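Encoded as structure tokens, the structure appears first; notes follow it.
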Amino acid sequence: MLVLGVESSCDETGLALYDTQRGLLSHALHSQVAMHEEYGGVVPELASRDHIRRAIPLLEQVLGKGGVEGSAIDAIAYTQGPGLAGALLVGASVACGLGLALDKPVLGVHHLEGHLLSPLLATDPPAFPFVALLISGGHTQLMRVDGVGRYALLGETLDDAAGEAFDKSAKLLGLGYPGGPAISRLAEFGDPGVYQLPRPMLHSKDLNFSFSGLKTAVLTLVHNQIANICEQDKANVARAFVDAIVEVLVAKCLAALKQTGLKRLVIAGGVGANRQLRAALNEAASRRGFKVYYPELEFCTDNGAMIAFAGAMRLQIDPQAAQRDYGFNV
Ligand code: KG4
Ligand code: ZN
């Protein structure tokens, strides 16, 4: 079965072709980062308009790279949500329009399910069951994953998502958008322990998170220092922030593994690209005897491959899941 995936939930237009026999045939992505950079964040209206411009050229690219005709596609999976309404509507319209034109069924996929399953696209994919830490710009969740569609929420953030904390703290330090990679790079030059930031809910008995206090602590620190903050001090604050958030994320993962008794941990979502988090998790894994799995770096952040893949997995379980009802729903 050949599935076309369409992702347009935020500021990346991603298309991909996944074949259940042959694997990922092709994928193409256009990132709008440069366009939103000057505004310091995603401008929803601009995002929607750019998705419109990019979708069809990217479709032509994936068909060309995959060496297939549009008529060979068996079903089209698109990101149904969550995401920016206008941006989602573009992807849904493209998918439903193609479905109607090609007389192929379409399937709405949950964006987070795409992220959650993305490590299964890697060359050494994890077997079920596993614990998954889903850390994106909008979500922070720990899940127990027993199979495709068999997910149990173990814990989640009570306020800001991890990616949001990265982005907002980076903004406070005057770093560009997206802030996650920028604050991570700067932290490499920071000295540890110069500043102490809180580790929210580190010792709570549950698997929930809270990051808004951490962001506020960065705000307080920066406001107190902003008049005379030098580059090294900025790097020290970045280091303190990264150390705090990484410690909390790692501790909660360890607690989730202990609670479930599982030995496989999957990291998914944009923050999963973070270098310091990966280093800390890898070290904990080798010390404690569990295995940690990541998506390929290019599939950590939003992409079409994870949507094509999640759609294909859903259709393998339930071939009726895709419909010729083009009254889409985002
Ligand atoms: O999964 P994603 O691409 O989009 C959402 O579904 O939200 O995640 C985007 C988030 C942003 O907050 C971005 O700053 C963060 O992932 N991110 C990172 C890194 N790369 C992306 N955060 C920390 N370190 C990184 N290297
Ligand atoms: Zn995402």
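Within the set of pairs 6 or more residues apart or between chains, which connect a residue that is more than 12 Å from residue 38 (Cα to Cα) inside segment 174-188 to a residue that is surrounded by 22 or more Cβ atoms within 10 Å (Cβ to Cβ) and charged (D, E, K, R) with Cβ atoms less than 6 Å apart?
Qualifying pairs under 6 Å: 179/167; 187/239.
Name the one entry in 66, 91, 81 that is within 16 Å of ligand 1 (Cβ to nearest atom) and over 30 Å from residue 265 (Cα atoms). Spell out how you get there, then give the answer.
Working: 66 fails: within 16 Å of ligand 1 (Cβ to nearest atom); 81 fails: over 30 Å from residue 265 (Cα atoms).
Testing whether each residue is within 16 Å of ligand 1 (Cβ to nearest atom) and over 30 Å from residue 265 (Cα atoms) leaves just 91.
Go through segment 36-50 residue by residue and tally those that are assigned to a helix (DSSP H, G or I) and either in contact with a His (Cβ under 9 Å, 6 or more places away or on another chain) or of a type in the set (Val, Ile, Thr) (or both).
The number of residues fulfilling the criteria is 3.
Please go through segment 172-220 and give me each residue that is touching a Ser or Thr at 6+ places or on another chain (Cβ under 8 Å) and farther than 13 Å from residue 160 by Cβ, ordered by number.
183
Being within 19 Å of the chain's Cα centre (by Cα) and either buried (at least 22 other Cβ atoms within 10 Å of the Cβ) or within 16 Å of ligand 2 (Cβ to nearest atom) (or both), is that true of even one residue in segment 49-67? Write out each step before concluding.
Residues of segment 49-67 within 19 Å of the chain's Cα centre (by Cα): 51.
Narrowing further to those that are either buried (at least 22 other Cβ atoms within 10 Å of the Cβ) or within 16 Å of ligand 2 (Cβ to nearest atom) (or both): 51.
Yes: one or more hits.
Answer with yes or no whether residue 133 is of a type outside the set (Val, Ile, Thr), open to solvent by less than 30 Å² (accessible area, probe 1.4 Å), within 16 Å of ligand 1 (Cβ to nearest atom) and assigned to a strand (DSSP E or B).
Spelling it out, residue 133 is indeed of a type outside the set (Val, Ile, Thr), open to solvent by less than 30 Å² (accessible area, probe 1.4 Å), within 16 Å of ligand 1 (Cβ to nearest atom) and assigned to a strand (DSSP E or B).
Restricting attention to segment 117-142, and to residues there that are within 15 Å of ligand 2 (Cβ to nearest atom) and in contact with a Phe, Trp or Tyr (Cβ under 7 Å, 6 or more places away or on another chain), which single residue is nearest to residue 295 (Cα to Cα)?
Here the answer is 119.
Residues 29, 46, 25: which one is open to solvent by 30 Å² or more (accessible area, probe 1.4 Å) and farther than 18 Å from residue 178 by Cα? If you could, list the steps in order and put the result at the bottom.
On the way: 29 fails: farther than 18 Å from residue 178 by Cα; 46 fails: farther than 18 Å from residue 178 by Cα.
Of 29, 46, 25, the one residue that is open to solvent by 30 Å² or more (accessible area, probe 1.4 Å) and farther than 18 Å from residue 178 by Cα is 25.
Does any residue of segment 232-240 turn out to be open to solvent by 40 Å² or more (accessible area, probe 1.4 Å) and either of a type in the set (S, T, N, Q) or without any contact (Cβ under 8 Å) to a residue 40 or more places away in the chain (or both)?
yes
If residue 77 meets every condition in (1) surrounded by 18 or more Cβ atoms within 10 Å (Cβ to Cβ); (2) under 25 Å from the mean Cα position of the chain (by Cα); (3) of a type in the set (A, V, I, L, M, F, W, C); (4) more than 16 Å from ligand 2 (Cβ to nearest atom) apart from one, which number is that one?
(4)
Residue-by-condition table, conditions (1) in contact with an Asp or Glu (Cβ under 7 Å, 6 or more places away or on another chain); (2) crowded, with 22+ Cβ neighbours inside 10 Å:
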{"position": "250", "(1), (2)": "no, no"}
{"position": "263", "(1), (2)": "no, no"}
{"position": "272", "(1), (2)": "no, yes"}
{"position": "291", "(1), (2)": "no, no"}
{"position": "296", "(1), (2)": "no, no"}
{"position": "310", "(1), (2)": "yes, yes"}
{"position": "318", "(1), (2)": "no, no"}
{"position": "324", "(1), (2)": "no, no"}
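Tally the residues that are open to solvent by 10 Å² or more (accessible area, probe 1.4 Å), away from ligand 1 (no atom under 12 Å from the Cβ) and in contact with an Asp or Glu (Cβ under 9 Å, 6 or more places away or on another chain), restricting the search to segment 107-130.
Adding up the residues that qualify gives 5.
So if I check each of 57, 119, which one is assigned to a helix (DSSP H, G or I), over 17 Å from residue 322 (Cβ atoms) and in contact (Cβ under 8 Å) with a residue 60 or more places away in the chain?
Result: 119 is the single residue among 57, 119 that is assigned to a helix (DSSP H, G or I), over 17 Å from residue 322 (Cβ atoms) and in contact (Cβ under 8 Å) with a residue 60 or more places away in the chain.
When residue 159 is evaluated against the numbered criteria (1) closer than 28 Å to residue 255 by Cα; (2) more than 17 Å from the chain's Cα centre (by Cα); (3) more than 16 Å from ligand 1 (Cβ to nearest atom); (4) in contact (Cβ under 8 Å) with a residue 40 or more places away in the chain, which criterion, by number, is the only one it fails?
So the condition that residue 159 fails would be (3).
Name the one entry in 214, 173, 142, 186 that is of a type in the set (A, V, I, L, M), surrounded by 19 or more Cβ atoms within 10 Å (Cβ to Cβ) and modelled with pLDDT under 95.
Values: 214 fails: modelled with pLDDT under 95; 142 fails: modelled with pLDDT under 95; 186 fails: modelled with pLDDT under 95.
Matching residue, one of 214, 173, 142, 186: 173.
Looking at (1) within 17 Å of residue 167 (Cα to Cα); (2) at pLDDT below 95, which is the one condition that is false for residue 271?
So the condition that residue 271 fails would be (2).
Looking at residue 26, is it away from ligand 1 (no atom under 16 Å from the Cβ) and part of a strand (DSSP E or B)?
On the way: away from ligand 1 (no atom under 16 Å from the Cβ): yes; part of a strand (DSSP E or B): yes.
Considered against the rule, which asks whether it is away from ligand 1 (no atom under 16 Å from the Cβ) and part of a strand (DSSP E or B), residue 26 comes out as yes.
Out of everything in segment 63-87 that is assigned to a helix (DSSP H, G or I) and of a type in the set (A, V, I, L, M), what residue ends up being farthest from residue 51 (Cα to Cα)?
Filtering segment 63-87 for residues that are assigned to a helix (DSSP H, G or I) and of a type in the set (A, V, I, L, M), the one farthest from residue 51 (Cα to Cα) comes out as 72.
The values are calculated or read from the model by the stated rules, or taken from the named source; none is laboratory data. Not measured: the values here are computed from a predicted model. Positions of Cβ are backbone-derived with ideal geometry, glycine not excepted, and every protein chain shown enters the neighbour counts. Accessible surface is based on the protein model in full, side chains and every heavy atom, while ligands, DNA and RNA are left aside. Shrake-Rupley method; radii C 1.70, N 1.55, O 1.52, S 1.80 Å.
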